[in-house]
Amino acid sequence: MILAEPLSLAPLPWLDAPWQSVQAAVRTDRLGHALLITGPAGIGKRRFADLLAAALLCAQPTSDGLPCGTCEDCRLLAAGSHPDLARLVPDEDSKTREIKADQVRALCGSQAMTSSRGRRAVYCIAPAEAMNTVAANSLLKTLEEPAAATLWLLVSEAPGGLPATVRSRCQRLTLAVPPAEAALRWLNEQLAGKGDGARLLDIAHGAPLRALELAAEGQLEARTRCLQGLEAVSTGSTDPLAVAQAWQSLEPGLVLDWLAGWVSDRLRLGVDPGVKHLTNPDQRRALASIAPGLEPRQGHHYLRQIYAARAQATSTVNKQLLFESLLLRWAQLSRSA
Ligand SMILES: [Zn+2]
């Protein structure tokens, strides 16, 4: 679907250096017709793409190349209705969360039109790796013969999921996790006292936007409750079916991500109790003692089961059945020794 949400035009401070380098490319006409923006989740790749699109469509950008925020173009951008910007994302009700070929073709077709407001047309696809093979091949044809004054922005945290032929047609910009201090300063400003910035940032592996999301959605509390359920199943103090029922209210993809993180941390701690890197550093103590009977080989097999379920987690999956089967197996594994 094409996003009609307003664009956020506030620059993120830690992206200043990559912003300056892209601006230098714009000024010297070295920005090509396709830019692949990569980097970890939650650091502002999409915000960067939005800002770049806005800057290129703004009638009177500032000396830093930022959108002015007041011209007619900026007003249209802020309303999410600029005719020369199209942002393609997976359909909300899509079972597979794929971006399909007809969606890409519709954009490529619209490229034949000239920019309505005379500057250029910007197309953004995020996450680009959500394009299925046919969709990516449709895009490839367009990238091979780009129309004048068009820019394609592909946003991806997993660029390996894109065909090499598409990647090779793009300039690449890799954004990094910001320095901890800068991330914490920004996050604390956003939280305005509502949340423990340092802890959130730790859980989000330093990705500030991800940390802010965790705070905003009450996800941290849900995650704690979910882990307590997993612990209770491992000690046998709670019926797995009751925990599966309690997890019903949560989004399955999220629960499976958490579950994969906990189980992989548990396996790491089993090998080395002092292991430095954990996916869930804040839950080290709980994870070190969970499922004492877990045998490593079976644990890894279980982890693969979670990943497989994650790959298929869609809006139509039977959550109750999925959680029941995973938790019943977890109960067995926890006590198998
Ligand atoms: Zn403007």
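Rule-based calculations on the coordinates, nothing more; no lab input. Here the structure is a predicted model, which means the values were calculated and not measured. A quick note on method: Cβ atoms are made from the backbone with ideal geometry, for glycine too, and the neighbour counts reach across all protein chains shown.
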Within region 261-305, tally of residues that are under 29 Å from the mean Cα position of the chain (by Cα) and of a type in the set (Gly, Ala, Ser): 5
Number of the exception - ALA78 against (1) away from the ligand (no atom under 13 Å from the Cβ); (2) touching a residue at least 40 places away in the same chain (Cβ under 8 Å): (1)
Matching helices (runs of 4 or more DSSP H) fully within region 112-199 where at least 3 residues are in contact (Cβ under 8 Å) with a residue 24 or more places away in the chain and in contact with a Gly (Cβ under 7 Å, 6 or more places away or on another chain): 180-191
Test result for ARG87, part of a helix (DSSP H, G or I) and away from the ligand (no atom under 12 Å from the Cβ): no
Selection status of ASP50, within 9 Å of the ligand (Cβ to nearest atom) and within 17 Å of ARG120 (Cβ to Cβ): no
Scan of region 57-74 for residues that are within 27 Å of the chain's Cα centre (by Cα) and either more than 8 Å from the ligand (Cβ to nearest atom) or assigned to a helix (DSSP H, G or I) (or both), ordered by number: LEU57, GLY65, LEU66, CYS74
